[in-house]
Amino acid sequence: MDLKGDKVVVVGTGISGIGAARLLAKTQAKVVLYDSNEKVNEKDVYAKLPDVQVEVVIGTDFAKVLEGAKLLVISPGVPIDSEAVLEANRQNIPVWGEIELAYNYEKGTVAAITGTNGKTTTTALVGEIIKNHIKNTYVVGNIGNSYTGEVLKTDEDSVTVAEISSFQLETTHDFRPHVSAILNITPDHLNRHKTMENYIKVKESITKNQTQEDVCVLNYDDEVLRAFGAKECSASVLFFSRLYKIENGICMNNDDIVLVKDGKETALMNVNDMKLIGKHNYENVMAAIGVAMSMGIPMDIIISTVKEFKAVEHRIEYVRELNGVVYYNDSKGTNTDAAIKAIEAMTRPTILIGGGYDKHSEYDDWVLAFKDRAKHLILLGATRNKIAECAKKHGYDKITFVSTLSEAVSLSAKIAESGDAVLLSPACASWDMFESYEQRGKMFKEYVNQLN
């Protein structure tokens with residue numbers, strides 16, 4: 001869609017909204033940046049956009065703001081059943097998210113990765129692999145680097161590697177990656193998507209415009225994705241599996257990752273040569289190999305990059321060792337499945353810090369994964385009572401409540417003995433106490449590094 005000279009309304013003055021407004025203004029659309037929160041300071045918003053012409057409107061009649069617009073662009077945090085979207089529907093105005101907006105200007109080839117867990121690690125790894133072969137590679141999306149901020153740099157030879165959340169997929173229309181990947185689907189964001197069926201449908205929609213000329217990399221171990229790949233997926237499917245020997249795809253043979261074609265195996269690498277820890281990372285690596293090889297990257301570059309790749313920030317990230325205690329930051333463990341993978345990756349008795357914003361999750365599987373790994377559970381945030389009740393129901397009562405993350409770190413240092421680990425892996429989102437999981441993780445690291 002050519003938006004030059006057209007009025008476009010952008011909702012939200014956070015990172016996503018600012019990025020969308022700047023992109024639209026640079027491409028000569030008439031941009032109105034709107035925020036219903038009357039506490040937002042108009043001058044502060046303009047200060048974020050000093051290089052472009054944008055009209056900022058705070059907390060006024062949205063129906064009037066939208067009049068005459070050719071397009072409404074919403075941030076991922078704006079639900080599709082919000083009043084802003086409903087008003088756009090009433091006025092027959094199309095609604096895009098930032099991914100669809102950026103893709104409208106994409107000139108190169110796109111690889112897109114989604115799933116409940118592992119997206120950031122897999123996307124970062126795929127980005128590193130492709131950068132080692134194609135210089136003009138851009139790693140964008142939910143990973144923290146705005147797609148709208150990078151897309152005007154793309155050309156016909158470039159590659160964009162995008163981490164995409166379910167919130168972002170809700171507002172895609174023409175978005176078509178050449179290679180997509182769905183890593184796994186477990187319960188998450190049900191406060192937004194209402195049912196698992198809705199959540200699954202949104203995740204699988206990453207493939208909706210793909211054809212057999214494109215590739216979708218899927219986790220064979222996930223029953224939902226196995227069925228989707230067998231019958232419903234419109235792209236050519238490449239499976240990976242940690243648990244099964246498969247006839248075609250990428251799987252494990254003991255500690256080796258192997259490529260299988262018509263039942264014939266070719267060993268690619270041994271997992272003990274990786275710097276990443278945890279069995280969940282074997283899956284992330286196999287997915288990354290699948291995406292990269294489907295993008296045409298030589299296998300020697302893929303494997304050499306995998307061997308040197310280290311954990312991304314906030315995902316079972318080593319912070320420091322003090323008095324024989326190792327501290328790990330897993331602030332990106334924002335749901336129970338991610339937190340299970342983190343506690344299972346621990347090889348030491350672990351003081352576990354959890355709790356946060358309530359996404360209407362259940363915590364039984366997480367508690368059952370503690371086994372003899374979790375030496376003590378320190379809880380904070382909106383979900384602390386709910387988690388504690390669940391833990392006690394399963395016979396786990398080594399629990400202490402705290403009010404702040406600083407208090408959690410201080411207490412964990414007192415409880416921990418030499419040979420233990422301290423793990424921040426909340427199993428919850430951060431929004432009750434922090435702006436983002438990144439802020440939570442950075443503060444955890446600051447408090448840990450202040451210990452003496």
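The simple Förster model, with R0 at 22 Å and r as the Cβ-Cβ distance, assigns Asn385 and Lys442 a FRET efficiency of 0.25. Let a ≥ b ≥ c be the square roots of the eigenvalues of the Cα gyration tensor of segment 59-125; is it rounded (a/c under 1.5), or, if not, prolate (a/b larger than b/c) or oblate? Note, shape of segment 59-125 comes out prolate.
Stretched out straight at 0.36 nm per residue, the stretch from His133 to Met1 would grow longer than its current Cα-Cα span by 44.3 nm. Placing pseudo-labels 7 Å out from each Cα toward the beta carbon at Lys231 and Lys64 gives an inter-label distance of 5.3 nm.
Counting neighbouring beta carbons within 10 Å and listing from fewest to most, the residues Trp366, Trp431 come out as Trp431, Trp366. The mean sequence separation of alpha-carbon pairs under 8 Å and at least six residues apart, normalised by the residue count of the chain, gives a relative contact order of 11 percent. Here the convex hull built on the C-alpha positions of segment 260-405 has a volume of 157 cubic angstrom per residue. Spin-label model, Asn452/Lys310: points 7 Å from Cα along the beta carbon direction are separated by 2.5 nm.
Computed from the C-beta positions of Asp155 and Asn248, the FRET efficiency with R₀ = 25 Å rounds to 0.15.
Cβ-Cβ distance of Asp397 and Asn37, R₀ of 35 Å, FRET efficiency by 1/(1 + (r/R0)^6): the value works out to about 0.25. Shape verdict for the chain, please, from the Cα gyration tensor: rounded (a/c under 1.5), prolate (a/b greater than b/c) or oblate. Oblate.
Modelled spin labels at Asp365 and Glu344, positioned 7 Å past Cα toward Cβ, are 0.9 nm from each other.
By the rule of a C-alpha distance below 29 Å, with chain neighbours fewer than 8 residues away ignored, the lysines paired with Lys64 are Lys4, Lys7, Lys26, Lys30, Lys39, Lys43, Lys48.
Laboratory data are not the source of any read-out in this text; all were calculated from the coordinates shown. It should be emphasised that the depicted structure is a prediction, and the values quoted were computed from it without experimental measurement. FYI the Cβ positions are ideal-geometry reconstructions off the backbone, even for glycines, and counts take in every protein chain you see.
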